[in-house]
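Every number here is computed from the coordinates shown, using simple stated rules; none is lab data. Treat the numbers as computed from the prediction; the structure is a model and nothing was measured. Don't worry about glycine lacking a Cβ; one is built from the backbone with ideal geometry, like all the others, and counts go over all protein chains shown.
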Amino acid sequence: MSSLPVSAVLEPLLAALQQASQVLLLAPTGAGKSTWLPLQLLKQANLPGKILLLEPRRLAAKNVAFRLAQQLGETPGQTVGYR
């Protein structure tokens with residue numbers, strides 16, 4: 001398990017996603033919402049649908065997409081993309 005703050009809520013978040021198709025997570029900067037959590041959710045085979053991240057700026061969205069794609073060993077536009 002990660003030492004990032006958001007790792008402490010992974011199990012409750014997964015349980016919430018079993019009950020509802022949408023869950024909103026609010027956490028402080030640096031908690032792992034954009035970089036760690038999406039990768040953990042992708043590992044869950046029983047979760048249908050898409051993961052949607054909202055970033056405050058276009059450049060932030062692009063950078064997160066490139067970072068996540070890099071961690072997956074892919075290029076943006078395969079598993080991870082941005083608009």
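Contact map, region 22-39: first residue closer than 20 Å to Y82 by Cβ, second residue basic (K, R) and surrounded by fewer than 18 Cβ atoms within 10 Å (Cβ to Cβ), Cβ cut-off under 7 Å, separation 6 or more or different chains; pairs are T35/R67.
Residues in region 30-61 that are aliphatic (A, V, I, L, M) and in contact with a helix residue (DSSP H, G or I) (Cβ under 7 Å, 6 or more places away or on another chain): A31, L37, L39, L47, I51, L53. I'd like to check something: does region 53-71 contain any residue that is assigned to a loop (DSSP other than H, G, I, E, B), in contact (Cβ under 8 Å) with a residue 24 or more places away in the chain, surrounded by fewer than 16 Cβ atoms within 10 Å (Cβ to Cβ) and under 15 Å from the mean Cα position of the chain (by Cα)? No: zero hits. If you go through region 11-52 and keep only what is within 19 Å of L72 (Cβ to Cβ), more than 11 Å from the chain's Cα centre (by Cα) and part of a helix (DSSP H, G or I), you end up with nothing.
Assess whether P48 counts as being under 17 Å from V6 (Cα atoms) and either surrounded by fewer than 10 Cβ atoms within 10 Å (Cβ to Cβ) or among the basic types (K, R) (or both). In short, no. Tell me which residues, restricted to region 1-21, are more than 22 Å from Y82 (Cβ to Cβ), in contact with a helix residue (DSSP H, G or I) (Cβ under 7 Å, 6 or more places away or on another chain) and surrounded by 10 or more Cβ atoms within 10 Å (Cβ to Cβ). Selection gives L10 alone.
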